[in-house]
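J.: Right, I'll just put the structure down here and ask away after.
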Amino acid sequence: MRTLYNMLFKRQLKGNLVWSVSVALMTLVVVVLYPYVKDMYTVMPPEVMAIMEQFGGIPSNALEYYATEGAMMTQLFGSIYAAMLGFTMINLFESEKTAEVLYVQGTPKRTFYISKQLLMVTLIILFSIVQYLFGLLGFAIIKENVNHLDYIYFHLIDTLLLVVFAYLGFGMCLLLKSTSKVMTSIILPLPLYVLTFVSSLTDNDIIKGLKYASPFTFADPVVILKNQTSIDSISLIVYISVIIIISTMFFKLYKTRIHTV
């Protein structure tokens, strides 16, 4: 398993770094703009202030600003990468027409299945570490002290969010035909992000209740870093269960899929 894992890791590392640094640079730019944006908040008209209240209110420090401006952007682009990564894990060999050669080498199919999951989670962790470090770099550049425990806690929850989307992409690929394109996986994060956004703006109980269908709910940066209230346990439990189901029960779909390659 180690040989297979190392081979897969080397092939995926470059793409992971490109995504990680690209998203992190956008977040870095947002963070270093805080001193300038902070002054803008003081002259905002009441109408704009009312809109801001819908998104957690005016941030009172750099970490709250990061939650309302930087972290939400990181989550959106990070979830897109995670979903595409999970989707790619299944089609990794099939798209290169090397599946038949690899699957007849005597390595158990379960080893492939587990190795791909381990690699997927590893790459998500690396992605999250880069986001964490670039965020710290941004705070250092603008010389802002932040609560590191809160910052670390958020990134742990955010990593779990990305792992969820990776598994959703992983499972989605197993449910679709082997000819499906990786861009198909984008339909996972975008609607769920919009759903979370809309449910936070309405007073309708039915629409507001739809937030439990989105993993963005349990990783809301405004809730964690600004309001500092408990994360949504229902959404968290639902998607941890989804990870468990896909990582174990979907193995039958994987075996069926590779036999038809």
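J.: Which value in nm describes the separation of the simple spin-label points at L33 and L156, placed 7 Å from the Cα toward the beta carbon?
T.: 3.1 nm
J.: For the chain, with only Lys/Arg (+1) and Asp/Glu (-1) charged at the beta-carbon, what is the dipole magnitude about the Cα centre, in debye rounded to 20?
T.: Roughly 1520 debye for the chain.
J.: Tell me, what is a quarter of the convex hull surface for the C-alpha atoms of region 205-261, in nm² with one decimal? Don't jump to the answer; show the numbers that get you there.
T.: Values: hull surface 23.1 nm².
Average projection, Cα convex hull of region 205-261: 5.8 nm².
J.: If you roll a 1.4 Å probe over the heavy atoms of the protein chains, what accessible area per residue do you get for the chain, in Å²?
T.: 50 Å²
J.: Right, here's the next one. Which one of Q12, S214, P35 is farthest out on the positive end of the charge dipole of the chain, using unit charges on Cβ (Lys, Arg +1; Asp, Glu -1) and the Cα centre as origin?
T.: Q12
J.: Per 10 Å bin from zero, what fraction in whole % of the C-alpha pairs of the chain is there, up to the bin with the longest pair?
T.: Taking every Cα pair in the chain, the percentages come to 7, 28, 32, 20, 10, 3, 0.
J.: For region 163-261, with the dipole built from +1 on Lys and Arg beta-carbon atoms and -1 on Asp and Glu ones, taken about the Cα centre, which of A166, Y239, L201 lies farthest toward the positive end?
T.: My answer, from the dipole projection, is A166.
J.: Longest span of the chain, sites excluded, free of trypsin sites (Lys or Arg not before Pro) in DSSP loop with at most 13 other C-beta atoms within 10 Å?
T.: So the longest stretch without any such site is 1-96.
J.: Another question, if that's okay. Students often get this wrong: which residues of region 219-261 have the backbone nitrogen under 19 Å from the point 7 angstrom along Cα-to-C-beta of I125?
T.: 240, 243-244, 247-248
J.: Which FRET efficiency value, to the nearest 0.05, is calculated for L133 and I245 with the Förster distance at 45 angstrom and r the Cβ-Cβ distance?
T.: Between L133 and I245 the formula returns 0.85.
J.: From the cross-link list K177/K211; K116/K211; K208/K255; K14/K143; K14/K226; K10/K109, which pairs have alpha carbons spaced over 28 Å apart?
T.: K177/K211; K116/K211; K208/K255; K14/K143; K14/K226
J.: Now for a separate question. Of all the accessible heavy-atom surface of the chain, with the other protein chains kept in place and a 1.4 Å probe, what percent is carbon and sulfur?
T.: Heavy-atom surface of the chain belonging to carbon and sulfur, 1.4 Å probe: 67 percent.
J.: Still on this structure, please answer the following. Determine the gain in length on full extension of the stretch H148-T179; use 0.36 nm per residue of separation and subtract their C-alpha separation, reporting nm with one decimal.
T.: 6.7 nm
J.: In a Debye calculation with equal point scatterers on the alpha-carbon sites of region 114-261 and no solvent, what is log10 I(q)/I(0) at q = 0.11, 0.19 Å⁻¹?
T.: Treating every Cα as an identical point scatterer, log10 I(q)/I(0) equals -0.52, -1.24.
J.: Please give, to one decimal in nm, the separation of the simple spin-label points placed at V194 and L25, each 7 Å out from Cα toward the Cβ.
T.: About 2.9 nm, to one decimal.
J.: Moving on to the next point. What is the distance in Å between the Cα centroid of region 227-258 and that of region 2-18?
T.: 24 Å
J.: Going from most exposed to least, what order do V194, V32, V23 have by accessible area with a 1.4 Å probe? Working shown, then result.
T.: Values: V194 80, V32 40, V23 5 Å².
Largest accessible area first, the list is V194, V32, V23.
The values are calculated or read from the model by the stated rules, or taken from the named source; none is laboratory data. Since this is a predicted model, take the numbers as computed values, not measurements. Virtual Cβ from ideal backbone geometry, glycine too; neighbours counted across all protein chains shown. Just so you know, the surface numbers come from the protein's heavy atoms only, side chains and all, with ligands and any DNA or RNA stripped out. Shrake-Rupley method; radii C 1.70, N 1.55, O 1.52, S 1.80 Å.
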